[in-house]
1. Compute the relative contact order of region 177-299 as a whole-number percentage, counting only Cα pairs closer than 8 Å that sit 6 or more residues apart in sequence.
2. If you line up the long axis of helix 44-58 against the longest principal axis of the chain, both from Cα atoms, how many degrees apart are they, to the nearest 10?
3. Order these peptides, 74-85, 115-126, 51-62, by their mean beta-carbon neighbour count within 10 angstrom, highest first.
4. Here are several values of Cα extents along the principal axes in Å: (1) 49, 40, 36; (2) 56, 52, 40; (3) 96, 42, 39. Which one was derived from the coordinates shown?
5. Looking only at the chain, where both bridge partners belong to it, what percent of the DSSP beta bridges are antiparallel (to the nearest 5)?
6. So what is the relative contact order for region 5-159, in percent, with contacts set as C-alpha pairs under 8 Å and at least six apart?
7. Q34: net charge of surrounding residues, Cβ under 13 Å, Lys/Arg +1, Asp/Glu -1, itself excluded?
8. Return the calculated 222 nm mean residue ellipticity for the chain, to the nearest 500 deg cm²/dmol, obtained by summing -39500 (n - 2.57) across DSSP H runs with n ≥ 4 and dividing by the residue count.
Amino acid sequence: MSGSYYRIMLGAKSAWAETCHAEKWFGGGWKITQSLAGERTDNWRDFNAKFIPIYLAANPDKSRVAAGLACGMLYTIAWGISQGDIVLCPDGDGSYWVGRVSSDYVYAPDHDLPHRRQVEWLPTKIDRAAMSEALKRSTGSIGTVSNISAHAEEIERLIGGAAPPVIVSTDATVEDAATFALEKHLEEFLVQNWSATELGREYDIYVVDGEQVGQQFPTDTGPIDILAVSKDGKTLLVVELKRGRASDVVVGQVQRYMGYVVEELAEEAQAVRGCIIALEDDLRLRRALMVAPNIEYFRYQVSFKLFKGGR
């Protein structure tokens, strides 16, 4: 197979799963009830600029962060996903239907999910228990739409009935492969233990409608490792793990993410700060941040202890 791969939720808690499977479509709504025919833009940021106010008018209790997420996912459903792309959709019972997108955007008025694409479902289903931990995390991410193309090889093997392989990511910007591997797990540890960290005393990981959306928060230049908001709501914080990458690369990435948050997410008078977390001291990183006072630098320590069983 070729193309891109997406996880698509079929309504909240897969409420529309059976209907979507039987009628061969998937879609979204977000209370935007007008047809999107003729509304396509060259990029989703221009689409968001027009439709975020429409979303907020229909959902006055929501934040700009929620609006940006919703409109970005709506754009992806309508045009970001191409015919021939593969979608994985939870059936609500621990497995995923797999389908190939077979139409352009379709509007179905007077429905909770009016913005649709037709899909041809394959006879194969994927059991979540057969997935690697990395794919489980990707398919379990918050939101209706999640791009899981990074796991294409594993998905193809699962569709073919083979056991999932061990996937090793490569990145030309990674200087220390061992640290990169370790910090893949650090993100999960940080999220699970956020309240016990120094950052957790001042910030909360961003939540929308009671669901934590701040981990791997989508932007137009890639996902933010962690997006947090101060407990008084006055500051948004972009947290990025160094992951063994070159210092200049990670500083530039954080600054790009911060720029996105300033333009697309921050409310009026909300400040935006950045934070880089690394395992080892890095002189180049510290010097780069000397002229970026709105970005903090944290180091972490790993503690390892052996003890005899039964004691």
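Rule-based calculations on the coordinates, nothing more; no lab input. This is a predicted model, so every value here is computed, not measured. For neighbour counting, all protein chains shown are included, and Cβ atoms are generated from backbone atoms with ideal geometry for every residue, glycine included.
1. Values: 192 pairs, mean separation 24.4, N = 123.
With pairs under 8 Å counted, the relative contact order is 20 percent.
2. With rounding to tens, the tilt is 80 degrees.
3. Numbers: 74-85: 19.2, 115-126: 17.6, 51-62: 15.2.
Descending packing order for the listed peptides: 74-85, 115-126, 51-62.
4. (2)
5. Values: 32 of 48 bridges.
DSSP beta bridges in the chain are roughly 65 percent antiparallel.
6. Numbers: 255 pairs, mean separation 49.3, N = 155.
Result for region 5-159 is 32 percent.
7. Working: positive: K31, K50; negative: E39, D110.
Net charge around Q34: 0.
8. Numbers: 9 runs with 91 residues, N = 311.
-8500 deg cm²/dmol, from helical runs alone.
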